There are 2 protein chains.
Amino acid sequence: MKNNNVFLEKLRSSGLILTKQRIEICKFLFDRKETFHFTINDLQSILRKRSNEKISLATIYNTVHTFKKKGFLKEILINSNSNSNSNYFDTNVSNHHHFFDESTNELIDLKDSDVGDIKIKKNITKKKIKSIEVLVRLAK
Amino acid sequence: MKNNNVFLEKLRSSGLILTKQRIEICKFLFDRKETFHFTINDLQSILRKRSNEKISLATIYNTVHTFKKKGFLKEILINSNSNSNSNYFDTNVSNHHHFFDESTNELIDLKDSDVGDIKIKKNITKKKIKSIEVLVRLAK
DNA sequence: AATTAGATTAGAATAATTCTAATATATTGA
DNA sequence: TCAATATATTAGAATTATTCTAATCTAATT
């Protein structure tokens, strides 16, 4: 299966087999300028609407996790309100910060430049800092 | 049932009935100086070891969620490594920041003073900021 | 002590995710 | 091009975490 679209480059160069399903998901997730945030549930219903070839739920889970392992997606856990916690995935895999809008349950990227540099003044653990993540919650 | 310990004050003043189970859990969680972080699983096995009166898992869930609703506990979601995500609870309910030590899966409070003041420079959403949470991941 | 509102409990139900193993498909190399 | 084969997809079963149910039980109140 051949296809020269840019968004398939990562898939092609990853060593993964280019299947119909992966290409379909890849096309939806990565053929865009803005980053995209979604839950497995979101993705499933979007894919269902986009095409009449049904992709099984197991494949959606498999693909998302495969993409995550390959570094194409980043997982983000959010305390949504009171009763529902959610697993989001983000097409922006760089280290960056988020707004979480509690009125819409939407995750929004924050530009690094919109958050000042964060310095951790004291780290009693002496272990190496791997990342610093800021989550800004927006009121309902 | 009478008891004058300080850590029971919150329970007593909350309007909740003082049951054996709630007192037991309260005693363990709040009769200490340092804050404490735990998962439901942690709590269950700790309680099992502490006393030979078994508290049912349903009650542990109920109590933790009741305490959360009363504002005695705060829930914190963390992307633990690759496969396991975890729901932690924190006895420190104030707005504060955390280290997450990926080698031990331990959550550690960060003093506010150890993180500089965080200013969000641009908020395109115009919605009110409810909270700002920083998570510092410590490498394995 | 009797009443009763609310709590506890075991086990059933549910929901989210992963597993299984049968089938299908993409890639490779003749 | 066409087998061979390694890997992917799939439906549905299994698992896991959590919540629900409805039968007791118990703390607080009279």
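Just so you know, all these numbers are worked out from the coordinates, no wet-lab data involved. For clarity, every value in this text was computed on a predicted model and none was experimentally measured. Neighbour counts are summed over all protein chains in view; Cβ atoms, including those assigned to glycine, are modelled from backbone coordinates with ideal geometry.
When the Gaussian network model of chain B links Cα atoms closer than 10 Å, the mean-square fluctuations of B:Thr59, B:Thr91, B:Thr125 top out at B:Thr125. Farthest towards the positive end of the charge dipole of chain B, among the residues B:Val115, B:Phe38, B:Phe67, is the Cα of B:Phe67, using unit charges on the Cβ of Lys, Arg, Asp and Glu. Taking Cα atoms only, the orientation of helix A:40-50 departs from the longest principal axis of chain A by about 40 degrees. The distance linking the stretch A:11-25 with the stretch B:81-140 is 35 Å (Cα centroid to Cα centroid, whole angstrom). Listed by chain and number, the lysines placed with their C-alpha closer than 23 angstrom to that of A:Lys68 are A:Lys10, A:Lys20, A:Lys27, A:Lys33, A:Lys54, A:Lys111, A:Lys130, B:Lys140; residues fewer than eight positions away on the same chain are left out.
Among the trypsin sites (Lys or Arg not before Pro) in the stretch A:68-137, those located in a DSSP loop and surrounded by at most 15 other Cβ atoms within 10 Å of their own Cβ are A:Lys70, A:Lys111, A:Lys119, A:Lys121, A:Lys122, A:Lys126, A:Lys128. For trypsin sites (Lys or Arg not before Pro), the sites in the stretch B:1-65 that DSSP calls loop and that have at most 15 other Cβ atoms within 10 Å are B:Lys2, B:Arg32, B:Lys33, B:Lys54. The GluC sites (Glu not before Pro) of the stretch B:15-82 meeting both criteria, a DSSP state outside H, G, I, E and B (loop) and at most 10 other C-beta atoms within 10 angstrom of the site's C-beta, are B:Glu34, B:Glu53.
The magnitude of the dipole of the stretch B:6-138, with charges of +1 and -1 set on the Cβ of Lys/Arg and Asp/Glu and taken from the Cα centre, is near 700 debye.
With the biggest extent put first, the Cα atoms of chain A measure 53, 34, 26 Å across the principal axes.
Comparing mean-square fluctuations of A:Ile55, A:Ile124, A:Ile78 from a GNM of chain A with C-alpha springs under 10 Å, the top value falls on A:Ile124.
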